[in-house]
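Since the structure comes first, as structure tokens, the remarks are kept for the end.
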Amino acid sequence: MEEVAAGEEVQIVLSINPFYGESGGQIGDTGYLRKGDTLNPVLQTTKESQTNVLLVEAKTTLRVGDAVTAVVDIERRKHITRHHSATHLLHKALRRIIGDHIHQAGSWVGPDRLRFDFSHFSALEAQQLIQVEKLVNQWILEDVAVNKEELSLEEARAKGATALFGEKYGDRVRVIEMGESMELCGGTHVNRTGEIGLFRIVSEAGIGSGLRRIEAVTGWKSYEYAKEKESILEDVSMLVKSKEEELPGKITSMLQQIRDLERKLEALQAQNTVGKMESLLLKKVKISGVDAVIAQVSAEKADDLRQMADILRDKMGSGIVVLAAEMEGKASVLVAATKDLANTFHAGQLIREAAKLVGGGGGGRPDLAQAGGKNPEKIAQALEQIPSLIEAQLQIR
Ligand SMILES: [Zn+2]
């Protein structure tokens, strides 16, 4: 292709190229190509068989042979360079703190954060992560000069530089020395470790068997990370109306308060249920000489019905309880009887007939039975038929 019109995206190779092409886990540069007064954005740079290829959004007609001024987004490049340089120190610190079995298994470095993958059999302990983070920061604060040297592969190996497994190297390699760390690397690096700024580990997690991943931030990104955390802390202090340093105590006492209130609420609910059951007792009927409480109640779960029946049985001494409630759009029915009626009444038998009336089925023991039905609107009608059903059962026995 000789020429592209404005508005098109095109791949461009420059005769002299300042853009870093994505490779070795370091993201490619962005920036722009200036032609006359027009800025043509460079969206990304990739590396294809040693050639840097720019993806450019043409804002004017671009031709092969045009003279352009190439401008790299230098602030973005600096963020990337700090993050990339920090991976060297992180690699070394992991080997020092955790052990020499640690090997870099991959990395990805962008302007916002770095990702470092390594071989290790288990999660790092919080204390180990703190030690690693601290050691990296110590090396940064020592502000050692970064030595960049081009050597033959044999010379580099003889010097003891760490080569990455599975990485292909040419005859000439770049050796990057940062204090104790010496690696073969084609990425971009700071001149002194101090330029990296504060190094903070953001996360550590497993990414497959025997592989771990650390994510970290440096420079301005760790400043932003700290500001974000600070603002969360400020929000929480405002919400619970407490000074930041008093937050742990304040939240502990709030949680205790919630537990106390929950306990009080439970006690009140239980009291309330007892009160309701007492008023139900006033409406008890006598069927063939046996006391019976038959009622529709409000309940949230089947267990509530059982608790109510227990209270009623205790207070009645001898008798039959039939309770029904609508729960989540369905009918729930419970029949209970005191033990002394075992020879004259069977709760399971009554529930079979009662359940049919609300469109369901069920069974149970002589003293306790529960069933559900799909027609809650028929509860009232069904309860009206219960006395005659009880009467029929009591007469047969
Ligand atoms: Zn490097």
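The values are calculated or read from the model by the stated rules, or taken from the named source; none is laboratory data. Everything numeric here is computed off the predicted structure, so don't read it as measured data. Glycine gets a Cβ as well: all are built from the backbone with ideal geometry, and neighbour counts include every protein chain shown. Ligands, DNA and RNA are excluded from the accessible area calculation, which covers all protein heavy atoms including side chains. Shrake-Rupley method; radii C 1.70, N 1.55, O 1.52, S 1.80 Å.
Tabulated data
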| read-out | value |
| --- | --- |
| Spatially proximal aspartates and glutamates relative to LYS47 (Cα-Cα < 17 Å; intrachain offsets below 8 disregarded) | GLU22, ASP29, GLU167 |
| Two-site label geometry, LEU14 and SER388: point separation in nm, points 7 Å out along Cα→Cβ | 9.7 nm |
| Extension gain, ARG157 back to MET1 (0.36 nm per residue minus Cα-Cα distance, nm) | 51.8 nm |
| Centroid-to-centroid separation of region 128-181 and region 269-303 [C-alpha atoms, Å] | 80 Å |
| Per residue value of the accessible surface for region 103-238 (all protein chains in place, 1.4 Å probe), Å² | 56 Å² |
| With DNA, RNA and ligands ignored, accessible area of TRP108 (1.4 Å probe; Å², nearest 10) | 80 Å² |
| DSSP bridge pairs, the chain: antiparallel proportion in percent, nearest 5 | 90 percent |
| Sparse-neighbour loop sites [GluC sites (Glu not before Pro); region 296-397; at most 16 other C-beta within 10 Å; DSSP] | GLU300, GLU328 |
| Contact order normalised by residue count of region 309-397, Cα under 8 Å, 6+ apart, percent | 26 percent |
| Accessible area, probe 1.4 Å, largest first, for residues LEU368, LEU89, LEU211 | LEU211, LEU368, LEU89 |
| Surface accessible to a 1.4 Å probe, PHE19 within the full protein complex, Å² | 10 Å² |
| FRET efficiency, ASN343 to ARG365 (Cβ-Cβ, R0 25 Å, nearest 0.05) | 0.95 |
| Radius of gyration and maximum dimension Dmax of the chain, Cα, Å | 38.5, 111 |
| Violating pairs (Cα-Cα greater than 18 angstrom) within the set LYS286/LYS315; LYS330/LYS356; LYS301/LYS356; LYS148/LYS221; LYS35/LYS78; LYS35/LYS59 | LYS301/LYS356; LYS148/LYS221; LYS35/LYS78 |
| Paramagnetic label zone (point 7 Å from Cα along Cα-to-C-beta, SER318; backbone N under 17 Å) in region 289-307 | 289-293 |
